[in-house]
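Derivation of every value follows stated rules applied to the coordinates shown; laboratory data play no part. Predicted model only: the values in this text are computed from it and were never measured. Using ideal geometry, Cβ is built from the backbone for each residue, glycine included, and neighbour counts are taken over all protein chains shown.
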Amino acid sequence: MAEYTLPKQGIFFDTKDEGINIEAPLLIDATLPLLYPRNPGKVDELAPRWIELMKSAGAATVKTQTDPVYGPGDLTGLDEALFSDYKSIFKGLVDGDYTQVVFKNDMGTATGLATGWLEMGGSKVLTSFGGVGSLPAFEEIRLMLHVTGAIPLTAPSHPIRHLKELHEYLSGEKIPDFKPVTGRGIFAQESGVHVDGLLKEASLYEPFPPEIVGARRYLGVGLHSGQKAILLKCDCLELPTSPAILKSLLKKVKEKALSLGRSLTDTEFEILYFTAGGQKKTPKSATPQKTRRERTEGDDVIHLPRGRGMH
Amino acid sequence: MPDGRMIHLVDTTLRDGHQAPGLALSLETRETVIKALDDLGVARIEAVSIGMSPVESIASKRWRGLMKRSKLVAWNRLKLSDVEGSMAIKPDVIHVCFSASESHLSKKLNMTFEKAANVLEKCLDLAHLNGFEVSVGLEDASRAGFERLSKIRSLLRYLKVGHVRLSDTCGVLTPSTTRQLVEFFATGHFSVEFHAHNDLGMANVNALIAAQSGADFINTSILGVGERTGNASFSGFLALAERCRALAVNVSSAQAMALERTLREFLSREGYMASLKSSPGSDVTDWLAHHAGLQRVNR
């Protein structure tokens, strides 16, 4: 796997100058007690696996299904701080040794508030996977800690992906396709600018490598595709191209997408490819060099740019 | 009337939002969106961008005429030809995207900072000479670093740029880093616009923090639609901003939600990922890993 090549992400200034710094906070996971009432049998059965995965993903404390979600000393009602000087409020609490702070997501602000709390010196935060129970989403806080460099996530065992699958099973709810961190579609690309960037250096338009959350990259083609996206799609489908075919195909893809009001499926794309004058597929090559280069158009064969590609 | 500082909305549903995989709004729907946003009094509507088909380009020339209150923004790459193309559509604002981070400059544009600065100057001169209002967007500003941003700030002052958009292109900002980034430009006598992405689930909060920190313009999109996990959402940001006494907005979150309800079906991407996952040519994970690996071997 390629090395992650970007410099530190999410760091604009050295925040330590202002007393703002996140140093290995303790993430508390309260997912199990929140899911237990929905499906006690499954939660009882899979709680050990959940706890193991959560620890692997970096949770300091994982509440069991019989633990209370909130502790007696938990301080709530701080969400309104966002509308005033939240920094001073949080700093005052940190200085006063308040550590058990709970943020709720009723206004969609829990992750932001929890991050603000940790930035002001808060040492722990109560979370739940997927934000169940209106708590800050564990996975969002965890990836924030990764991209800010506070606690890099390197786990090759993909605990985030396994947690997502287990969460869907235990909750009976599918995670939305474009949910931050865990959505299936968050690494899908279609627009010309973004696919061009993906081919040159994947990290240009990705906040973190999909591998660390066990996600996949997808390529769609449609109204906003550019030549390189069409070329990449042809390459993936092993459809030989030439400049003439490519130009015609791009025009047809855009027209078709506009008429359909959506992006195209691979089947629709292939039909357009043939109407644009493309030849039928070559047999699947045994070696990647052949699929990449040695297509039938002689000097007219065009090649995808070979950038650094992966992070 | 609210007595807070007025925050102006810049809607990017038809540009960044529309680039979201799976979307292909009809020209009629786009005109509906433009008229609805204009009726509400959204300050700027970013609806023109590069790569439009001839049919879309012709249609877009009508869009300015649909607007009574809003300004039409045309988004351009750092290319003179893009700006020339946009001018033909006669928008109110020519927006030029400048890659702020070194990785975007060197790996995407393959330009040095000096070269990019030179092209920017030419683009802005062309737009100014033809009487267009301009704004400059700093793509990937959140990963550019202090030294580069200081250099860019000096450049923009030299070029007499008044309006700068700060883009958190990969959605990696936090509340504190958002504040620092915005204050750095807002205190430099720029009119600051902020463009958030929701990769870490903080787009709406960061947009609010940006407004509190001095940004006068905030980018939003209807239902938060946009690349990857999307942008700050129209109603989501307004719901926060209208609770903040220090800020004033001229659209209510209730109005925004009503509009989002009417447009939800057009912006829905339900079933899109299922369609992609069922297409064997759509999963490019292994393809990219494989070819990147080949290239490294070749190097």
Query raised in the report: In terms of the Cα gyration tensor, with a ≥ b ≥ c the square roots of its eigenvalues, is chain B rounded because a/c is under 1.5, prolate because a/b exceeds b/c, or oblate?
Result: rounded
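What is the magnitude of the charge dipole of the range B:109-170 about its Cα centre, with +1 placed on the Cβ of each Lys and Arg, -1 on the Cβ of each Asp and Glu, and no other charges, expressed in debye to the nearest 20? Intermediate values should be presented prior to the final figure.
Numbers: 9 positive and 8 negative charges, 33 e Å.
Once rounded to the nearest 20, the dipole reads 160 debye.
On average, how many beta carbons from a partner chain sit within 10 Å of the beta carbon of a residue in A:252-262? Walk me through the numbers before you get to the answer.
On the way: counts 0, 1, 7, 3, 1, 4, 7, 2, 2, 6, 9.
For peptide A:252-262, the averaged partner shielding equals 4.
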Report summary line: Residue by residue through the range A:45-50, the couplings from Karplus 6.51 cos²θ - 1.76 cosθ + 1.60 with θ = phi - 60°, in Hz, x for Gly and Pro, are 5, 9, 4, x, 5, 4
Query raised in the report: Across peptide A:212-221, what mean number of C-beta atoms from other chains lies inside 10 Å of a residue's C-beta?
Result: 5
Query raised in the report: Got a sec? Charge dipole of the protein assembly as shown, +1 on Cβ for Lys and Arg, -1 for Asp and Glu; which of B:V284, A:I212, A:I245 is way out at the positive end?
Result: A:I245
**Report entry** Cα Rg, Dmax, the range A:76-149, angstrom units
**Finding:** 11.4, 31
Report task. Calculate one ³J(HN,Hα) per residue across the range B:57-69 by plugging θ = phi - 60° into the Karplus curve 6.51 cos²θ - 1.76 cosθ + 1.60, and present them in order as whole Hz with x for glycine and proline. Result -> 4, 5, 4, 5, 5, 7, 5, 4, x, 7, 9, 9, 10
Report summary line: Diffing the range B:223-237: the Karplus 3J(HN,Hα) column from phi (6.51, -1.76, 1.60, θ = phi - 60°), in whole Hz with x for Gly and Pro, holds 6, x, 5, x, 3, 6, 9, x, 10, 4, 8, 3, 6, x, 5
Report summary line: Expected sort for B:270-281, B:101-112 on mean C-beta neighbours within 10 Å, highest first, is B:101-112, B:270-281
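In debye, nearest 20, what is the charge dipole magnitude of the protein assembly as shown about its Cα centre with +1 on Lys and Arg Cβ and -1 on Asp and Glu Cβ, if you could check? Working shown, then result.
Values: 72 positive and 71 negative charges, 329 e Å.
So the dipole magnitude of the protein assembly as shown works out to roughly 1580 debye.
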Query raised in the report: Looking at A:W50, A:V147, A:M120, which one has the Cα that reaches farthest to the positive end of the dipole of the range A:46-181 (charges on Cβ: Lys, Arg +1; Asp, Glu -1)?
Result: A:W50
Requested in this report: Select from B:M6, B:A207, B:V164 the residue farthest towards the positive end of the dipole of chain B; place +1 on Cβ of Lys and Arg, -1 on Cβ of Asp and Glu, and compute about the Cα centre.
Outcome: B:V164
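Can you sort B:I45, B:I209 so the residue with the fewest Cβ neighbours within 10 Å comes first? Write out the running numbers ahead of the final one.
Details: B:I45 30, B:I209 27.
Result, fewest neighbours first: B:I209, B:I45.
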Query raised in the report: Assigning unit charges at the beta carbon (Lys, Arg +1; Asp, Glu -1) and nothing else, what dipole magnitude in debye, to the nearest 20, does the range A:15-171 show about its Cα centre?
Result: 400
Requested in this report: State, in angstrom, two size descriptors of the range A:15-171 derived from its alpha carbons: Rg to one decimal place and Dmax to the nearest whole number.
Outcome: 15.4, 50
Query raised in the report: What's log10 of I(q)/I(0) for the range A:149-285 at q = 0.15, 0.19, 0.22 Å⁻¹, Debye sum over Cα points only, no solvent?
Result: -0.83, -1.07, -1.24
Query - Inter-chain shielding of A:178-184 (mean C-beta neighbours from other protein chains, 10 Å cut-off) - result: 6
Query raised in the report: Whose amide H sits under 5 Å from the amide H of B:H8, counting only residues 5 or more places off or on another chain, with H placed in the peptide plane?
Result: B:F217, B:I218
Query raised in the report: Let a ≥ b ≥ c be the square roots of the eigenvalues of the Cα gyration tensor of the range B:161-299; is it rounded (a/c under 1.5), or, if not, prolate (a/b larger than b/c) or oblate?
Result: oblate
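Sort B:L181, B:L208 by Cβ crowding within 10 Å, fewest neighbours at the top. Intermediate values should be presented prior to the final figure.
Details: B:L181 28, B:L208 33.
Taking fewest neighbouring Cβ atoms as first place, the list is B:L181, B:L208.
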